[in-house]
């Protein structure tokens, strides 16, 4: 329970950390990179954080957590925890202190390509996709339609090419499939075929977890390989707020802990509906739930890599509906990251959501405010960070591309202002005032060109007349063409054909091989 | 030179402050209000700020400021300041310390309607328009055309109806008029006819300042009334960077100081062109220039209400062109506010600019990042905050309406999270867990509905199917209709007809009386 930034430690080997460090050094030649250190924005005072912490402890020791499975209750009793008559587990403050002290921290979320490893320590910031949207604005018509398995493959291919989306979490559910092992393994397969970035997925059953491990072992080259390089983590929405564990998700979490798959233990309470309407109150409850989640995973496997992934959602209190784009969402999630950093726990939040149905100005400003403040607050994993529209009901191709560019800007802001004798430039200023009178051709200007400023790729900086000559397009129209370019050309062969054949023998893979190859006119 | 927030003091009367306070109390029933206290986001460490300050002092004492008029050089010599052979004024560190200590602070920027008074003290945040754009995307065709005097009147009417734009600064120049007293007085007249919020304008000559005072005296009811309630301030871009005063602007600043018109002393240096490309270096130079500006006004009239209005702009270093939408702009201007707060000087910055030509997603995220970070950093006046497109070359009707809504979100984020025993809600949580199981109908939820959450007006929160049924409009299309509604109906009579006739006798007013009345089919 400290705000200090751990400089060492970690549960994985020294070699892994060295690799990450060397990659980080290479990346420093660029303007932004994954894992920039956040934490400069703290929406809460230190005393506010302590009061929220104290409130959460009181809740956990008082009403505690309901909904535990018999297996969990057994483990809790074995640890000496009190289970009430109505089967609620009470966690005393000292027990939670011990859980936090012993929890997994400073670990790597592996990419299949190690260049995409994510260093989950300190306040290092990463943006990625997530979600369980059920619809997609159709690429050609813009009309909302049901999401399908093939969409996951396509969104994965886009993410694979977008530099500021650091991992690929499933954004939509394949509505043509029913929950169960087959759905779980197909989602993971579609993601793994599309990108070698770290993959995150929801699982509907423990069998899905075991199947995913088997699938990744095959892709990575043999049994046990996934355990060495767990390149997939599980979204586990393990709490049904207020303050109840969700039975099905618990089974998934337990299975993940047993096979060594990192657990993103998500609290998705909604202020004003399943949590208090007051922002501070919502943080008290969700902090309690998040700690309850970490405690649960640690009952099964102490020190297992677990993300304190508190995504405090907001309601539109006029309707009770979830709303993702308001500024309260930015405050809640930035505060959530601050609280996780107070515990020095790996943190996940949700941001860059919008209630708008398409990437318009509303979408732009709603996403920008939430993604920027969570980045500045130093969340390790900022979920839902790209593509999501319609209060998380839809994922848009164009939005993914636009949001990656926006997240580059957010990362540049996270990087901040470097103040050194050299950057202060006193001599340069004096020299220019006495000499050229401007800095345009100055050596410092040329040197800083590729490191100090980020340049838009899709964003427009033309003069109005040039912009009009080129058709007066908005960024959505330009993104539309970029999507078509990427998806009509980027068919990576990330799964060796021989392995792919074996995977198809072992599992009921629903994406036909020809769907993963160019041609067919789909794009 | 302190970061403390002054709780008292001020140059205007006690009554004026009491009025502001009582208005503030009334506003507290709302979700956001003008003058929310910022300052929670500090992009620089305290030591970084000190180093920038030290660099600025070294510059001012070394190369100093060039370009002063003979009148200013005379005043400088009388104060014992050294003037070099090439006519540069050197300001020793101790002199600057004294200037900062004695500078005007804690004053009111008056509205004509006192409900629009702005309390310029501490880190109180206000958003307003500004600019000198030369074009407007035509309301009907969207095609960029030259801006005209009538546009100022229309933009003023929009601002008059938009709650989160707290004053009206001229956004465009009337390209049909030549600079001089007639242009100056016509801009002020168009603004005064459109809104009773505080007006800010650029002036091309000292005569324009005197004419504006005469005009406001007539509107306010008699000679000397403007001096009692200076409801107009002057944008004075008094420095031609690097480190030279601009002769023409100096005459305007001197005239304003003499008639009691608050001076917004703007530094508009451009990193990479007229200031160093390194962000820290740009801050050193512009801080020196800003202090040089405050020193200048205080040479003429010690303690005169003067805004340390440092707007560090950024270049696209690939072209050398000004770029308003990048994240460097957010960092620079937030840092500028932090530096002004370090001096406890009234602060102005420029933000919410975009390089996009229309209010699209790029416009949304570029504006959001810059306006949010400057708000959180506690700038007193955030200029250019609404309507501006195309790297400040154009002002858009729809953008004004959209941006006011976005700024409401920024203000909600500035307001932050209130942590009290009551908001922590521990008892409420326990009660709900043991009882209803949700918070939807809870008394706390209903109580907080109108104070904790901000609701969109133009922003869309419908379900996808409802949104499609209503035509699948983006926010730009909705804003378009809102603009038409306002401008076809809101023709306020803020200038008494009898007074208007006298104004038209006294000045060459180019807006015909019928242009300020409904009908004529213009909207």
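FYI, it's all coordinate maths here, none of it is from the lab. Note that the coordinates shown come from a computational prediction; the quantities given were computed from them, not determined experimentally. So basically every Cβ, Gly included, is an ideal-geometry build from the backbone, and we count neighbours across all protein chains shown.
Before moving on, here are some points about what is shown:
- Translational D in µm²/s for chain B (Stokes-Einstein at 10 °C, 1.306 mPa s, Kirkwood Rh from C-alpha pairs): 67
- With both residues required to sit in chain B, DSSP beta bridges show an antiparallel share near 40%.
- Counting DSSP beta bridges with both ends in the protein assembly as shown, the antiparallel % (nearest 5): 40
- Normalising the Debye intensity of the protein assembly as shown to I(0), with uniform scatterers on Cα atoms only, and taking log10 at q = 0.05 Å⁻¹ returns -0.31.
- The range B:495-519 versus the range B:36-97: alpha-carbon centroid distance in Å: 44
- Copy A relates to copy B by a rotation, and the A residue whose beta-carbon is nearest that axis, with the distance in whole angstrom, is A:364, 1.
- Across the identical copies, the label point of residue A:224 (7 Å from Cα in the Cβ direction) is separated from its matches by 9.6 nm, in order from shortest.
- Cα gyration tensor, the range A:414-523 - rounded (a/c under 1.5), prolate or oblate: oblate
- Shape call, the range B:87-150: gyration tensor on alpha carbons, a/c limit 1.5: oblate
- Ordering A:151, B:500, B:508 by the number of other Cβ atoms within 10 Å of each residue's own Cβ, fewest first, gives B:508, B:500, A:151.
- Global geometry of the range A:250-340, whether rounded, prolate or oblate, following the gyration tensor of its Cα atoms and the 1.5 cut on a/c: prolate
- Cα centroid separation, the range A:279-340 to the range B:463-480 (Å): 31
- Computed FRET value (nearest 0.05) for residue B:86 with residue B:515, which takes r as the C-beta separation and R₀ as 35 Å: 0.10
- For the range B:143-196 versus the range B:349-427, the inter-centroid distance based on Cα atoms is 22 Å.
- Among beta bridges identified by DSSP and lying wholly in the range A:182-332, the antiparallel ones come to about 25 percent.
- Contour excess over end-to-end distance, with Cα ends at residue B:98 and residue B:434 and 0.36 nm allotted per residue: 114.6 nm
- Using C-alpha pairs below 8 Å separated by at least 6 residues, the relative contact order for the range A:271-324 is 35 percent.
- Extension reserve of the residue A:522-residue A:138 stretch, reckoned as 0.36 nm per residue once the Cα distance is removed: 137.0 nm
- Residue-averaged 222 nm ellipticity for the protein assembly as shown, from DSSP H runs of 4+ at -39500 (n - 2.57), nearest 500: -14000 deg cm²/dmol
- Residues A:420, A:141, arranged from fewest to most other Cβ atoms within 10 angstrom of their Cβ, appear as A:141, A:420.
- Modelled label reach - residue B:50, point 7 Å along Cα→Cβ, the range A:386-425 residues with backbone N closer than 18 Å: A:419-422, A:424
- By other beta-carbon atoms within 10 Å, ranking A:123, B:352 with the fewest at the front produces A:123, B:352.
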